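Worksheet for the structure shown next.
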Amino acid sequence: MSGKIGTVGIIGSGQMGGGIAHVAALAGYEVLLHDISPDRIETGIATISGNMARQVASGKLDEKIRTGALGRIRPATTMADLGAADLVIEAATEDETVKRKIFAQLCPVLNPEAIIATNTSSISITRMASTTDRPERFIGIHFMNPVPVMKLVELVRGIATADGTFETAKAFVNSLEKTVTVAEDFPAFIVNRILLPMINEAIYVLYEGVGSVEGIDTAMKLGANHPMGPLQLADFIGLDTCLSIMQVLHDGLSDSKYRPCPLLVKYVEAGWLGRKAGRGFYDYRGEHPVPTR
């Protein structure tokens, strides 16, 4: 059942969806980009164009290649416009209800041979696959953020995922010049199962007054050689996403060590979601980020 991918549909034109469209178009795939409004798709394509222009300016990309790649990204204003795709990657918000609604609308318009993938960072692949008409052609392809820069992709098979689907997805990821790591379908897979509890622990360290925002981030950057401190990273990921992954871990594994820190909950309730909201553990509204605690 292993097939050739020519056209890739992407649902969600935000940071992740846009990044996936960017690398797929550069690898020579035809890309159909869908979102809930044409404005969002336009913004997504404009962002991709800007990101590629930066790659050209820094000498990582040839202008001709950029123009060719942008020409391969087309807006898919309705779900039906994704009908021609051989592979559709869902990169919507990290909310299972939203994702299930998308799959319910997508399945009827898709070619029966097409593969559906989700870019979820934590939700059960098996459970989502079971709500579609093709569990054997459903797989998790979890890209890291920012997609054009990060080399890793987690491939996650559901219990029903066919070998052919896995092989096709693996070949697709390899063609993007990314490295595959295979994860079992357990809450948060590999990267976030390790990374998010570390971030949550850093928030506990702040909550308990053991260290300041700057103290914690400096400690991990210089003491553990991390390129970015855990609180700075949390702001980059989005505190709402961090919280939802911790909740998936806590609900799915029922272990108190995954309990989301009350301070993380408080920040999300305040709408201080990190960089995208202008405030999180740092305030981004001035010239330089300033700790908010």
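The values are calculated or read from the model by the stated rules, or taken from the named source; none is laboratory data. Owing to the predicted nature of the structure, the values given are computational and were not obtained by experimental measurement. Reconstructed Cβ throughout: ideal geometry from the backbone, glycine too, with neighbour counts over all protein chains shown.
Looking at (1) closer than 20 Å to G44 by Cβ; (2) touching a helix residue (DSSP H, G or I) at 6+ places or on another chain (Cβ under 7 Å), which one does D81 not meet, given that it meets all the others?
Failed condition: (2).
Which of the residues belonging to region 252-293 are surrounded by fewer than 15 Cβ atoms within 10 Å (Cβ to Cβ) and assigned to a helix (DSSP H, G or I)?
Hits for region 252-293 are L253, S256, K257, P262, K266, E269, A270.
Regarding L222, is this residue of a type in the set (A, V, I, L, M) and in contact (Cβ under 8 Å) with a residue 24 or more places away in the chain?
Values: of a type in the set (A, V, I, L, M): yes; in contact (Cβ under 8 Å) with a residue 24 or more places away in the chain: no.
So L222 does not fit the description; no.
Give V31, V109 a once-over and let me know the one that is modelled with pLDDT of 95 or more, touching a Ser or Thr at 6+ places or on another chain (Cβ under 9 Å) and under 24 Å from M144 (Cα atoms). Please lay out each step first, then the result.
Values: V109 fails: under 24 Å from M144 (Cα atoms).
Every option except V31 fails the conditions.
Can you name the condition, by its number, that L253 falls short on among (1) more than 24 Å from E96 (Cα to Cα); (2) over 21 Å from the mean Cα position of the chain (by Cα); (3) not hydroxyl-bearing (S, T, Y)?
(1)
Out of the strands (runs of 3 or more DSSP E) lying entirely within region 85-198, which hold 1 or more residues that are in contact with a Cys (Cβ under 8 Å, 6 or more places away or on another chain)?
Details: elements: 87-90, 115-118, 138-143, 152-157, 179-183.
Because the criterion is at least 1 residues that are in contact with a Cys (Cβ under 8 Å, 6 or more places away or on another chain), the strands (runs of 3 or more DSSP E) in region 85-198 that meet it are 115-118.
State which residue is surrounded by the fewest Cβ atoms within 10 Å (Cβ to Cβ) when the search covers only region 155-206 and only residues that are among the basic types (K, R) and under 26 Å from E113 (Cβ atoms). Walk me through it before giving the result.
Applying the first criterion (among the basic types (K, R)) to region 155-206 yields 157, 170, 178, 193.
Then keep just the ones that are under 26 Å from E113 (Cβ atoms); that gives 157, 170, 178.
Working: R157: 21, K170: 17, K178: 19.
Among residues in region 155-206 that are among the basic types (K, R) and under 26 Å from E113 (Cβ atoms), the one surrounded by the fewest Cβ atoms within 10 Å (Cβ to Cβ) is K170.
Quick check, is I45 of a type in the set (A, V, I, L, M, F, W, C) and closer than 23 Å to T126 by Cβ? Steps first, please.
Working: of a type in the set (A, V, I, L, M, F, W, C): yes; closer than 23 Å to T126 by Cβ: no.
So I45 does not fit the description; no.
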